[in-house]
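A short worksheet on the structure shown next.
The values are calculated or read from the model by the stated rules, or taken from the named source; none is laboratory data. These numbers were taken from a predicted model, which means no experiment stands behind them. Quick reminder, even Gly has a Cβ in these numbers, built from the backbone with ideal geometry, and neighbours come from all protein chains shown.
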Amino acid sequence: MIECYAYISRALPDLDPVALSKIIVHSRGFNDAHGVTGVLLYDGSAFYQYIEGPADALADARQRIEASRHHGAIQVLLDGTPHRPGAFPRWSLGYLMLDEPAHALHAFVMPANHAQLVGAFHLLAAQADVM
Ligand SMILES: Cc1cc2nc3c(=O)[nH]c(=O)nc-3n(C[C@H](O)[C@H](O)[C@H](O)COP(=O)(O)O)c2cc1C
C-alpha cells in the first residue's frame with residue numbers, strides 16, 4: 001500500500017547550509033533504499049515537503065522528520081493514500097530553494113485535496129531546476 005505525507009514546517013533560524021545538506025543527503029539515502037519519493041522545498045525559513053512510498057517506510061520517514069531538531073511547528077497538509085501514486089517518481093527527494101514563500105501551499109488546509117496539492121508542488125518545482 002502506497003501512502004503519502006505532506007507538511008509545512010518552520011526551519012530553526014540558525015539552520016546553516018552544512019546542516020541542510022546533511023539533512024538532504026541522509027533523507028535521500030533512506031528514501032532511495034526504501035522506495036520513498038518526493039520533493040523538499042525551502043524558502044529560507046519554511047520547509048514544504050511531499051513524500052510517498054510503502055506504508056512502513058513512510059511511517060519511519062515521518063517519524064524521523066517529526067523528531068528532527070532542525071525544524072518545528074509542523075503543519076500537516078495531507079496524510080493517507082494518494083489519489084494517484086507516482087507524483088515525483090524519479091526523485092528520492094528533489095530539493096528546491098525558493099526565492100519567496102510558497103503562498104500556494106500556505107493556502108491548503110488539512111486534509112488537502114491530493115491532486116491539487118501535488119499540482120501546486122509540481123508548479124513550484126517547475127519554476128527552477130531541482131537539485
Ligand atoms: C526538512 C526535513 C526533511 C526530511 N526529510 C526526510 C525524508 O524525506 N526521509 C527521511 O527518512 N528523513 C527525513 N528527514 C530526517 C533527516 O533525514 C534526519 O533523520 C534528521 O534530520 C536527523 O535528525 P536531526 O535533524 O535532529 O539531526 C528530514 C528532516 C528534515 C528536517
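Considering 11, 67, 57, which residue is buried (at least 17 other Cβ atoms within 10 Å of the Cβ), free of Cβ contacts under 8 Å to residues at least 40 places away in the same chain and more than 12 Å from the chain's Cα centre (by Cα)?
One residue alone meets the criteria, 57.
For the range 35-53, check the following and say yes or no: at least one residue is aromatic (Phe, Trp, Tyr), in a loop (DSSP other than H, G, I, E, B), touching a strand residue (DSSP E or B) at 6+ places or on another chain (Cβ under 8 Å) and under 28 Å from residue 16 (Cα atoms).
No, that holds for no residue.
Please indicate, with yes or no, whether at least one residue in the range 12-22 is within 22 Å of residue 78 (Cα to Cα) and either modelled with pLDDT under 95 or near the ligand (Cβ under 10 Å from one of its atoms) (or both).
Among the residues of the range 12-22, not one is within 22 Å of residue 78 (Cα to Cα) and either modelled with pLDDT under 95 or near the ligand (Cβ under 10 Å from one of its atoms) (or both), which makes the answer no.
So which of 62, 84 ends up being basic (Lys, Arg) and either within 11 Å of the ligand (Cβ to nearest atom) or closer than 21 Å to residue 22 by Cα (or both)?
The unique qualifying residue is 62.
Select from the range 65-81 the residues that are within 16 Å of the ligand (Cβ to nearest atom) and in a loop (DSSP other than H, G, I, E, B) and list them in ascending order.
Hits for the range 65-81 are 68, 69, 70.
What pairs come up if the first residue lies in the range 93-119 and is within 16 Å of the ligand (Cβ to nearest atom) and modelled with pLDDT of 95 or more, the second is among the polar types (S, T, N, Q) and in a helix (DSSP H, G or I), and their beta carbons are under 8 Å apart, counting only those six or more places apart or on different chains?
Going by the 8 Å Cβ cut-off, the qualifying pairs are 93/27; 93/31.
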